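The values are calculated or read from the model by the stated rules, or taken from the named source; none is laboratory data. Only a predicted model underlies this, so the values are computations on that prediction, with no experimental measurement involved. Neighbour counts are summed over all protein chains in view; Cβ atoms, including those assigned to glycine, are modelled from backbone coordinates with ideal geometry.
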Amino acid sequence: MNKATLNITDHDAVRLILLDRPEALNALNAQMTDDLTDAFREADADERIKVVLFSGAGKAFWAGADLKEMGTRTARPKHTFADLMHTLIDFSKPLLIAVNGVGVGIGATICGLADAVYMSEAARLRCPFSSLGLTAEACSTVTFSALMGHQRASWFLLSSEWMTAQECVDAGLALEVMPADDLMPAVMSKAQHLASLPLASLKTTKRLMRDPIRTELIEAMTRENAGLASLVGGPANQEALAAFKARRLPDFAGL
């Protein structure tokens, strides 16, 4: 079962959703937003599926928003980024993430919405929002503090610096670091272990853990999306995009 930007396969009761734009380092564009929203909704509704394993094809996990598309989109997508976030917040089954390579932007913040994150020893994460003249998203202003503590979360979201796989585990953002060649087989084994258990128990436990913070996550996502909307196309964002296209460092002096 393939969508334009995804490769989706079922392994008994585990659904593997792979981001599949390796030529663009799996960057998020409008088509991928549509495809991911549909894929997670379909997996949630499919009674044969108990667990979703999410990863990326190629050398990258998820390279954030497609900067080449930013500011040039003309067609209205079926689903918005907010639709995707609502879908992930409300996803009722266990979601495991295997970070196989670099994760940037949403490729880092998605980890805060997973039930367990496993990283290749070669993987690393970065929240580049400040360097793009933007702000954080995907509920990370809430989830990162809960997982990492306020100061470490603040630095990661504000500084645009990289975190290695081991630093992510030490911070509480990921559960385990694995050798690159072992990552997918090992995480699939963990997903299949969960899938051997009764779905009603898995869903009830996840609901009991998610319900107390669901409203907080939705409110955080709404605030973040408003903050992003206020900054997209602003002077700092324009300078960052111009610098990206010119392959130079942005100059934020005076901004």
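Here Ala39 meets each of (1) on the phi < 0 side of the Ramachandran plot; (2) in contact with an Asp or Glu (Cβ under 8 Å, 6 or more places away or on another chain) with one exception, condition (2). At least 1 residues being modelled with pLDDT of 95 or more and of a type outside the set (A, V, I, L, M, F, W, C) is the threshold, and among the strands (runs of 3 or more DSSP E) wholly inside the range 71-122 those reaching it are 102-104, 116-120.
One line per residue, one yes/no per condition, for (1) at pLDDT 95 or above; (2) in a loop (DSSP other than H, G, I, E, B); (3) more than 22 Å from Ala226 (Cα to Cα):
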| site | (1), (2), (3) |
| --- | --- |
| Ser131 | yes, no, no |
| Thr135 | yes, yes, no |
| Val142 | yes, no, no |
| Met163 | yes, no, yes |
| Leu173 | yes, yes, yes |
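Within the set Asp46, Asp35, the sole residue that is closer than 16 Å to Lys3 by Cβ and either touching a Lys or Arg at 6+ places or on another chain (Cβ under 7 Å) or of a type in the set (Val, Ile, Thr) (or both) turns out to be Asp35. Scanning the range 163-173 for residues that are out of contact with any helix residue (DSSP H, G or I) (no Cβ under 8 Å at 6 or more places or on another chain) and either buried (at least 16 other Cβ atoms within 10 Å of the Cβ) or within 17 Å of Met221 (Cα to Cα) (or both) gives Ala165, Glu167, Val169.
A single entry from Glu176, Glu239 fulfils the requirement of being surrounded by fewer than 16 Cβ atoms within 10 Å (Cβ to Cβ) and in contact (Cβ under 8 Å) with a residue 24 or more places away in the chain: Glu176. Restricting Glu121, Glu176, Glu167, Glu137 to those that are under 23 Å from Arg15 (Cβ atoms) and among the charged types (D, E, K, R) reduces the list to Glu176. Within the range 107-155, the set of residues being touching a Phe, Trp or Tyr at 6+ places or on another chain (Cβ under 6 Å) and of a type in the set (Val, Ile, Thr) comprises just one member, Thr135.
Residue count for the range 104-133 under the criterion of being among the hydroxyl-bearing types (Ser, Thr, Tyr) and buried (at least 20 other Cβ atoms within 10 Å of the Cβ): the result is 3. Pairing each residue of the range 140-157 that is closer than 15 Å to Ala220 by Cα with any residue that is surrounded by fewer than 18 Cβ atoms within 10 Å (Cβ to Cβ) and among the charged types (D, E, K, R), provided the two are 6+ apart or on different chains, yields C-beta distances under 7 Å for Val142/Glu216.
Working only within the range 148-159, note down all residues that are within 16 Å of the chain's Cα centre (by Cα) and either among the aromatic types (Phe, Trp, Tyr) or not in a helix (DSSP H, G or I) (or both). Within the range 148-159, Phe156 is the sole residue that qualifies. If you check Met209, Met184 for being in a helix (DSSP H, G or I), aliphatic (A, V, I, L, M) and crowded, with 18+ Cβ neighbours inside 10 Å, only one passes: Met184. Among the criteria (1) free of Cβ contacts under 8 Å to residues at least 12 places away in the same chain; (2) of a type outside the set (Asp, Glu); (3) closer than 30 Å to Leu197 by Cβ, the one Arg76 does not fulfil is (3). For the range 55-66, the count of residues that are crowded, with 18+ Cβ neighbours inside 10 Å, on the phi > 0 side of the Ramachandran plot and modelled with pLDDT under 95 is at least one. Close Cβ contacts (under 9 Å, 6 or more residues apart or on different chains) running from residues in the range 10-25 that are more than 17 Å from Ala45 (Cβ to Cβ) and without any contact (Cβ under 8 Å) to a residue 60 or more places away in the chain to residues that are surrounded by fewer than 17 Cβ atoms within 10 Å (Cβ to Cβ) and of a type in the set (D, E, K, R) comprise Pro22/Lys59; Ala24/Lys68.
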